[in-house]
1. Within the stretch 64-89, how many residues turn out to be of a type outside the set (Ser, Thr, Tyr) and open to solvent by 60 Å² or more (accessible area, probe 1.4 Å)?
2. Residue by residue through the stretch 5-24, note down the ones that are surrounded by 13 or more Cβ atoms within 10 Å (Cβ to Cβ) and either of a type outside the set (Ser, Thr, Tyr) or outside any helix (DSSP H, G or I) (or both).
3. Among residues belonging to the stretch 90-110 that are of a type in the set (A, V, I, L, M) and open to solvent by 80 Å² or more (accessible area, probe 1.4 Å), point out the one that is farthest from the chain's Cα centre (by Cα).
4. Here are the criteria: (1) of a type in the set (Val, Ile, Thr); (2) in contact with a helix residue (DSSP H, G or I) (Cβ under 9 Å, 6 or more places away or on another chain); (3) open to solvent by 50 Å² or more (accessible area, probe 1.4 Å). Tell me which single one Ile113 does not satisfy.
5. Report, by residue number, each residue of the stretch 85-102 that is touching a residue at least 24 places away in the same chain (Cβ under 8 Å) and either assigned to a helix (DSSP H, G or I) or aromatic (Phe, Trp, Tyr) (or both).
Amino acid sequence: MLQIVGLGLVATFLALILKEHKSPIAFLLVVFVGSVIFLFLIDQIYEIIKMVEQLSINAHVNMIYVETILKIIGIAYIAEFGAQITKDAGQGAIASKIELGGKVLILSMAIPILTVIIETIISMLPN
């Protein structure tokens with residue numbers, strides 16, 4: 001965590017300095033550092049996914065639902081990352097559209113899971 005915070009702080013100071021003189025380079029620095037921080041986290045993300053999959057196997061949960069939930073989480077993080085980068089570039093309107101696109105994709109992927117939940121609840125209710 002200290003590496004990530006340290007890298008983020010150094011990049012922030014450099015971006016502030018570069019922004020006054022070379023604004024496009026400052027933006028590229030921000031995108032690059034964001035990508036490097038994401039790469040730092042890849043191993044941890046992989047371990048979390050592996051753990052969730054093992055838990056679902058032990059609980060006898062259908063892997064299709066677990067994979068769908070993991071994809072939904074991935075979409076949320078990617079949409080947030082893209083929107084933040086776009087906001088940093090001063091394009092708030094485009095960032096809002098990225099967020100909207102992420103929400104629509106999440107909703108469309110969640111419909112099968114919601115359907116199963118509703119069907120399960122209905123089957124449990126007395127006639």
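The values are calculated or read from the model by the stated rules, or taken from the named source; none is laboratory data. None of these values were measured; they are calculated from a predicted model. Cβ: placed from backbone, ideal geometry, glycine included. Neighbour counts: every protein chain shown. Note: areas computed on protein heavy atoms with side chains; ligands, DNA, RNA excluded. Shrake-Rupley method; radii C 1.70, N 1.55, O 1.52, S 1.80 Å.
1. Summing the residues that are of a type outside the set (Ser, Thr, Tyr) and open to solvent by 60 Å² or more (accessible area, probe 1.4 Å) in the stretch 64-89 gives 11.
2. Those that are surrounded by 13 or more Cβ atoms within 10 Å (Cβ to Cβ) and either of a type outside the set (Ser, Thr, Tyr) or outside any helix (DSSP H, G or I) (or both): Leu7, Gly8, Ala11, Leu14, Ala15, Leu18, Lys19.
3. Ile94
4. The single condition Ile113 does not satisfy is (3).
5. Scanning the stretch 85-102 gives Ile85, Asp88, Gly102.
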